[in-house]
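Report on the following structure.
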Amino acid sequence: MVHERVLSVRRLARRQTKLGTNTREWIALKLAALFALDQRRAEFRHLGVVATLPRYKPGADSPFDIRRQSGRNLRLGEPGDVLGQVVGVDVLRHEGNLQIQANVVVLIVAEDEDMSGEARNRSGLALPGAQQALFDRVAAQGKPVVVVLMNGRPLALSHVAERAAAIIESWYLGIEHGHALADVLFGDVNPSGKLACTLPRNVGQVPIYYNHKNTGRPPAFGERYSSRYIDVPWTPLYPFGYGLSYTTFAYDPPQLSASKIGPRDTLTVKVRVRNSGARAGEEVVQLYLRDDVASVTRPVRALRGFARVALQPGAASELSFTLDQDDFALLDQEFRRVVEPGRFTVFSGGNSEDLQSAQFEVTAAAKLPGLGSAIPRFMRLAPAVQRGPLP
């Protein structure tokens, strides 16, 4: 019984459930050709403030003692005693040059778990303490650096993203953290998690989120007087819904059941996705909707559905989503729940930025019963997606 429970926790830790519900924690933000870690490599070393610390209960294995938890006969470097932690402030212990004799470095950087939660605000989103300096010293060795994040809030990691070979966002996963990490790093599990938040390039972009309202002067390249920054791109470092795996997926433009519909009609959106890589994997297909012109400001796009699909290399699947009046509705200036006539754009893809699109028109207006915000179909009890294999 205990063994089965442990395996269940391990499966949960390494494989997300659904975007937006029990958000899964293994999210690959950046991957390089070296992944998954090759078992034939002679040696790799894991470093960091939480690399060997037991967590969550006395006697629990360190979530990052990969040497013991990977179950592989590998020659691994000793965990590095590089960081000490004193009252939440990390201090570099080694003043001399850091010499790493390894093929690959797995660098675990983290917020202490007590840094997140109620009454645990921070004024910045950088790596706490000296961990940024540690990353710089490790990256200066010229070895591929795999960064594993363990944190309770989105962090601003532009500098890390530029120099790391791979980045894994793991959040806090509990006592099976280490097993799940080993499964992902060595390729036994193909990660398929997606971000349920937006990661900024720096703290000056906050608040930043995918379903923002448009501005009078939307950001545009080459336009001096538009809503953008002069020192960084206006886009996020990693957008809502983003996440990589050891394979790739290709999307066709969404196919609509009609180009014009009435305000109380339903619209079927078919999305074809194909595994374009060399490994089996799972993808979270996402559907977004935008009301292009309305009497009140509307989001540039809003999530209206998602579904997870498992595909073998070269295989494709067609997923069918249904949109209806609750998806089209808005609150007008008198707080009435209405559907307004006009053009809508449907987007589909693997995250909120890299999307294919199609348009349709609602031909008339309608007042809907009830008060309050429209309830997206994907938040209702009834499933709204059908999927099927393609020949």
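Just so it is clear, none of the values below were taken in a lab; they were calculated from the coordinates. All values derive from a computational prediction rather than experimental measurement. Cβ coordinates were reconstructed from backbone atoms using ideal geometry, including for glycine residues, and neighbour counts include every protein chain displayed.
Overview of results
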{"read-out": "Calculated FRET value between residue 334 and residue 266, using beta carbons and R₀ = 30 Å, to 0.05", "value": "0.70"}
{"read-out": "At R0 = 25 Å, FRET efficiency that the Cβ-Cβ distance of residue 276 and residue 188 yields, to 0.05", "value": "0.65"}
{"read-out": "For the range 138-164 versus the range 283-320, the gap between their alpha-carbon centres in whole angstrom", "value": "30"}
{"read-out": "Cα-projected label distance for residue 133 with residue 324, points at 7 Å along beta-carbon direction, nm", "value": "6.0"}
{"read-out": "q = 0.12, 0.15, 0.17, 0.20 Å⁻¹: log10 I(q)/I(0) that the Debye formula gives for the range 146-302, counting C-alpha atoms only", "value": "-0.75, -1.08, -1.23, -1.38"}
{"read-out": "Distance in nm between pseudo-label sites at residue 292 and residue 315 (7 Å out along the Cβ direction from Cα)", "value": "3.7"}
{"read-out": "Pairwise label distance in nanometres, residue 153 with residue 364, each label 7 Å out on the Cα-Cβ vector", "value": "5.1"}
{"read-out": "Exposure proxy ranking, count of Cβ atoms within 10 Å, fewest first, for 363, 248", "value": "363, 248"}
